[in-house]
Every structure is written in structure tokens, then in C-alpha cells.
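Taking it in order: structure first as C-alpha cells, then the write-up.
The values are calculated or read from the model by the stated rules, or taken from the named source; none is laboratory data. Values in this document were obtained by computation on a predicted structure and should not be read as measured data. Because the Cβ atoms are built from the backbone with ideal geometry, glycine has one as well, and the counts that use them run over all protein chains shown. Note: accessible area is taken over every heavy atom of the protein model, side chains too, but ligands, DNA and RNA are not part of it. Shrake-Rupley method; radii C 1.70, N 1.55, O 1.52, S 1.80 Å.
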Amino acid sequence: MTTYLPHLTAIPYDVFANPAASVLLPIVLGTTVGFNSRPKETQRTYHAMKQPPLRPPPQVFGPVWTLLYGLMGYAAHRAITKYPSPLASTDQMRTLYSAQLGLNLLWMPLFFGLRRPVLALADIVSLVGLNGYLTYLYFSVDNISGWCQLPYMAWLGFATYLTAGVGYLNNWDISEATLAKRA
């Protein structure tokens, strides 16, 4: 049964075989999630929360994530279409990539939609671990794929700091009612 799991849960190989599709898929999905999170309301929430030091202005997130999604897709294209990894099959790498993309896309609804910083932190910590392993696998196949993952890993580390910092500074409560009291 588990031998069929990657076929049911992974992005199809044909997406990775096409470099444009592999790059555009995470960009389109990330943009869709971003716009479905009601950007103006998200920015109001962002400004209403107590923030840790080094937080970037909200305008930075869109361009940074677009670049990172593109690099992520290109890295996946190269790693999955190259010769097999000695550490994981192509199907396993597709499944891991699909899982990390799902976790990535889930963060914004958890944090800004449900306003659950604890769940968002658990999500992003899982995302960091999964991508650390995926980066290791990518380096085992293709150095360029591995290097393309490193900016994403660095940003995930920074995003983890921001998520934990916002959670802690706001007593893990960023509900609309709590933020309205501060305004």
C-alpha cells in the first residue's frame, strides 16, 4: 500500500519535467494563497501585532516569496529530473517536495486566517526540518539544486524567528478581539 502513496500525494512528474511549469507552480499557488488571505486585512493585522526586532516592512514579503518560490521550483526541477539520488527515489523526492509546498502554503492561513501563531510555528518548524532534509537530498543529486534551496532555508529560519517572536510578544494571542483592544 505505501508503495503507491507517492503516486497519490505527489505533484506529477510531468510538472517537474517542464522547467517553466516547475517554477511557475509554486509562484502561482503562493500568489493565490496570498491574495485569498485578503492582503489589506493581513497588512492591518501585521501592523497591529507587537513585532520582534528586524521585522521587514510588509511590502518585502511578496517579492521575496516570489523569488524564493521560483528558486524552489527550479531546484525541484533540476533535482527530480537529474539522475536518481543515492538517498531517495524520484517519487520520494516528489512527495517530500509536495509535502513541503503544502506546509508552506498552509502557514499564511494558519497565522493570518485562523490567527493561531502556535500552529503556524509548528507548521514552520516542520517546514524547516523537511526542507533541511530536502536540501540535503538535492545536494546529493545536483549542487545547483542544493544551492538554490539555501536562500529558502535562510528565509525560513528568519520566518521562524518572526513567527516565534510575534507569538511570544503577543502572548500567543493575535485574535481580532485582542488586537482591537491594543488599537
Restricting to Cα pairs under 8 Å and 6 or more apart, the percent relative contact order of region 57-156 works out to 38 percent
Cross-link candidates for K40: which aspartates and glutamates have Cα within less than 17 Å, leaving aside residues fewer than 8 places away along the same chain? E176
Any chance you could give the angle, 0 to 90 degrees and rounded to 10, that helix 39-48 forms with the longest Cα principal axis of the chain? 60 degrees
In whole percent, and with a 1.4 Å probe on the protein chains, what portion of the accessible area of the chain is carbon and sulfur? 68 percent
For region 88-183: accessible area per residue (Å², 1.4 Å): 45 Å²
For K181, list the aspartates and glutamates whose Cα falls under 19 Å from its own Cα; do not include residues on the same chain fewer than 8 positions away. E41, D173
Can you send over the solvent-accessible area of K82, 1.4 Å probe, protein chains only, in Å² to the nearest 10? 80 Å²
For the chain, compute the orientation-averaged projected area of the C-alpha convex hull (one quarter of its surface), in nm². 10.7 nm²
Looking only at Cα atoms, what is the convex hull volume of region 108-183 per residue, in Å³? 78 Å³
Taking a virtual spin label 7 Å from the Cα of T66 along the C-beta vector, which residues in region 87-102 bring their backbone nitrogen under 16 Å of it? none
Relative to the first principal axis of the alpha-carbon coordinates of the chain, what is the inclination of helix 90-108, with its axis defined by its Cα atoms, in degrees from 0 to 90 and to the nearest 10? 10 degrees
Difference of contour (0.36 nm per residue) and Cα-Cα distance, F35 to Q92: 17.5 nm
